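I have placed the structure first, in the form of structure tokens, so that the comments after it can refer back to it.
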Amino acid sequence: MLPHPATPTPVTVPAKLAEFHAGYPEYVLRDGTPWIRTLPTLAAQFLGRWRLRRAGAPMHGMVALVLPVVRDDGTPAALKLQPLDEESAGEPVALRAWGGDRTVRLLEHDAESGTMLLERLDAERSLDHVEDAEAALTDLSELLAHLVSYPAPAGMRTLADIAAAMLDDVPKALPELSDPADRALLRQCAAAVREVLDEPGDRLLHWDLHYENVLAPPLGSDRGTWLAIDPKPLAGDPGFDLMPALHNRWGDIAATGDVRRAVRRRFDLMTEVVGLDRERAARWTLGRVLQNSLWDVADGEHAVRPDQAAVARALLPR
């Protein structure tokens, strides 16, 4: 057993993470304290509670802080601290449902704060580092097919509710778009969602399965090749899970010189590997264009992003 320090090393919040949180005023505690201010105390609390020793530089995205740690028995792990909200509350539920089957393993979880202790994977080896774009997409698609083979646990957020809320937001968003072509595109996406709204599906979706959210296990591990991390799960149709891989690594698509053809090639490969009906999957993917565009409008944008518009036009009937 490793010796354990009586007082964990204080955690300094990375400046970039603090900057991101300045743009998320909704991440506050019940008493009005910004969550980011509580992070050093929260980290120290769980380093002590779970008897963890820090083992590397902090990592972060736009919301969560991840600390490489070592458990009391010498096992490498990762302490993930993030605000508890509707999205993050579902993460441990989904990870338990998958049970480490092609996903990162959940080792500990505190329901009150949302803090998790996870299996430590190789953060330096993501699927994004695979240079062969088609090989990377095939690997991601095979992983997606496996994940959505699981039914969603009871109580999971549903695509039915999310899609209905999106459609309710469309009339308010349309006037905010400056270009009539963008308004027409959003209407087409909304119409596509209405066609599948009555059959939203019941699979366990990751919702954010892009290349950087697929990591390799440590070298020498028997955990396979690629494992998914950081789900934002919901119950729904697998067609709603294609979009992250369609518009990530956009430079690969642009470099082909034929964006529509390249998008269709990705879409066709994914639907074939996952085993989806293409027309239905296209409608739910247009739903992701709608969702992303509504989020952009809510953030003050007045145009549909070029990559989103390109995906939509590639999938809409000619």
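The values are calculated or read from the model by the stated rules, or taken from the named source; none is laboratory data. Everything quoted here is computed from the prediction, not taken from an experiment. With ideal geometry, Cβ positions are generated from the backbone for all residues, glycine too; neighbour counts draw on all protein chains shown.
Things to note:
- Tally, over segment 169-180, of residues that are loosely packed, with under 13 Cβ neighbours inside 10 Å and more than 10 Å from Leu294 (Cβ to Cβ): 5
- For the residues Ala216, Ala255, Ala235, Ala228, the requirement of being out of contact with any helix residue (DSSP H, G or I) (no Cβ under 8 Å at 6 or more places or on another chain), under 29 Å from Pro92 (Cα atoms) and among the small types (Gly, Ala, Ser) singles out Ala216.
- A single entry from Leu159, Leu118 fulfils the requirement of being under 16 Å from Leu204 (Cβ atoms) and surrounded by 16 or more Cβ atoms within 10 Å (Cβ to Cβ): Leu159.
- Any hit, segment 243-266, residues being out of contact with any Lys or Arg (no Cβ under 7 Å at 6 or more places or on another chain), among the hydrophobic types (A, V, I, L, M, F, W, C), buried (at least 24 other Cβ atoms within 10 Å of the Cβ) and modelled with pLDDT of 95 or more: no
- Residue check for Leu47: surrounded by 15 or more Cβ atoms within 10 Å (Cβ to Cβ), part of a helix (DSSP H, G or I) and in contact (Cβ under 8 Å) with a residue 40 or more places away in the chain: no
- Among the residues of segment 121-144, those identified as over 28 Å from Leu81 (Cα atoms) and either surrounded by 22 or more Cβ atoms within 10 Å (Cβ to Cβ) or within 16 Å of the chain's Cα centre (by Cα) (or both) are Ala136, Leu137, Ser141.
- Pairs with Cβ under 7 Å, 6+ apart, first in segment 177-202 and assigned by TED's automatic domain parsing to the domain that holds Val289 and farther than 14 Å from Leu316 by Cβ, second in a helix (DSSP H, G or I) and basic (Lys, Arg): Leu177/Arg183; Val196/Arg280; Val196/Arg283
- Taken together, the residues in segment 213-225 that are under 16 Å from Ser141 (Cβ atoms) and at pLDDT below 95 amount to 2.
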